[in-house]
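Here's the structure, in structure tokens; my notes come after.
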Amino acid sequence: MTSTIEDPSVETPEQADFRARVREFLAANARLKEPNSPWALTYHTDAEEARRAFETGRAWQRTRFDAGMTGFTYPKEVGGQGGEPWQERIYEEEAAAYDASSGFVRATIAMLGPTLMAFGTEEQQRELVPRLLSGEDAWCQLFSEPGAGSDLASLACRAVRGGDVFVVTGQKVWNSAAQWCDHGFLLVRTDPDAPKHHGITFLLVDMRTPGIEVRPLIQATGASHFNEVFFEEVRVPVAN
């Protein structure tokens, strides 16, 4: 399925066929966008409304997955389509006209999916990537801390290895949608003696694990999209 296009406005028959299939899918499963003011508010101040929006996005991701309209460049053995990057481009061009989005779930697929494919074990890829692409698992990002944002040298959340588990203690903050997600990907310091940009480990965490507490942060708008997440001797398998 490899093709080279010198002029993006000229599509191959294969690309034109794919575009037609995308249009058919969107017409059957989504509705066209209605005109909207550029000043329209894009946040929710009602907690239940915000949760419904999150679950609606998650459900749309499942609809895409079931129809073979996501994971275009992922291998078929992990739930993808084994396709080409141009398929993603064509899908996005057509979907822009529709009121259909995976919302927050889409952002974490973009972050975690490539990470699993680059660094995950084959077992992790086969087990987790299909559940990620389908929206069956919803993941939150657990990176920032009260004293550490983009600068990982200040990362303080600590994990101490004991046998086949890491015991995690510390705090994260500004964690979008953590109150609704069942899984998280977490940065922890596992070697406090290493240079500050080293000794950091990336862990996959079940958010229902004992010792994890999620506290929504109420913003000035009344919305509570962000959270604080506390870890109190949380046991995470080394396999994660």
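Summary table below
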| quantity | calculated |
| --- | --- |
| Reachable aspartates and glutamates from Lys196, criterion Cα separation under 16 angstrom, eight or more residues apart if same chain | Glu145, Asp151 |
| Binned Cα-Cα distances of the stretch 142-193, short to long, each 10 Å bin given as a whole percent | 25, 50, 24, 1 |
| Size-normalised alpha-carbon gyration radius of the stretch 16-73, reference 2.2 N^0.38 Å | 1.43 |
| Neighbour net charge for Ser144 - beta-carbon separation under 12 angstrom, K R +1, D E -1 | -2 |
| Value of D in µm² per second that Stokes-Einstein yields for the stretch 129-240, Kirkwood Rh from Cα pairs, at 4 °C (1.567 mPa s) | 90 |
| D (Stokes-Einstein, µm²/s), Kirkwood Cα radius, the stretch 89-157, 1.002 mPa s at 20 °C | 150 |
| The chain, dipole about Cα centre (Lys/Arg Cβ +1, Asp/Glu Cβ -1), debye to the nearest 20 | 440 |
| Residue-normalised accessible area of the chain, expressed per residue, 1.4 Å probe, Å² | 55 |
| Cβ charges +1 (Lys, Arg) and -1 (Asp, Glu), total dipole of the stretch 189-230, debye | 100 |
| Of Asn175, Val10, Pro146, farthest towards positive along the dipole that unit charges on Lys, Arg, Asp, Glu beta carbons give the chain | Pro146 |
| Accessible surface of the stretch 83-203 [probe 1.4 Å, protein heavy atoms]: carbon and sulfur percent | 53 |
| Largest-first ellipsoid semi-axes for the chain, taking √(5λ) over the Cα gyration tensor eigenvalues, angstrom | 35, 24, 16 |
| All-pairs alpha carbon distance profile, the stretch 29-117, 5 Å steps from 0, percent | 3, 11, 18, 26, 19, 11, 8, 4, 0 |
| Residues in the stretch 214-236 that a label on Glu49 would reach, taking backbone N under 11 Å of a point 7 Å out along Cα→Cβ | 223 |
| Distance from the stretch 154-200 to the stretch 52-95 (C-alpha centre basis), Å | 30 |
| Charge dipole of the chain about the Cα centre (unit charges at C-beta), most positive-ward option of Asn227, Pro195, Thr73 | Asn227 |
| Degrees separating the helix 85-95 axis from the principal Cα axis of the chain, which is the longest one | 80 |
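The values are calculated or read from the model by the stated rules, or taken from the named source; none is laboratory data. Please read these numbers as outputs of a predicted model, since none were measured by experiment. A quick note on method: Cβ atoms are made from the backbone with ideal geometry, for glycine too, and the neighbour counts reach across all protein chains shown. Heads up: the accessible areas ignore ligands, DNA and RNA and are worked out on the full protein's heavy atoms, side chains in. Shrake-Rupley method; radii C 1.70, N 1.55, O 1.52, S 1.80 Å.
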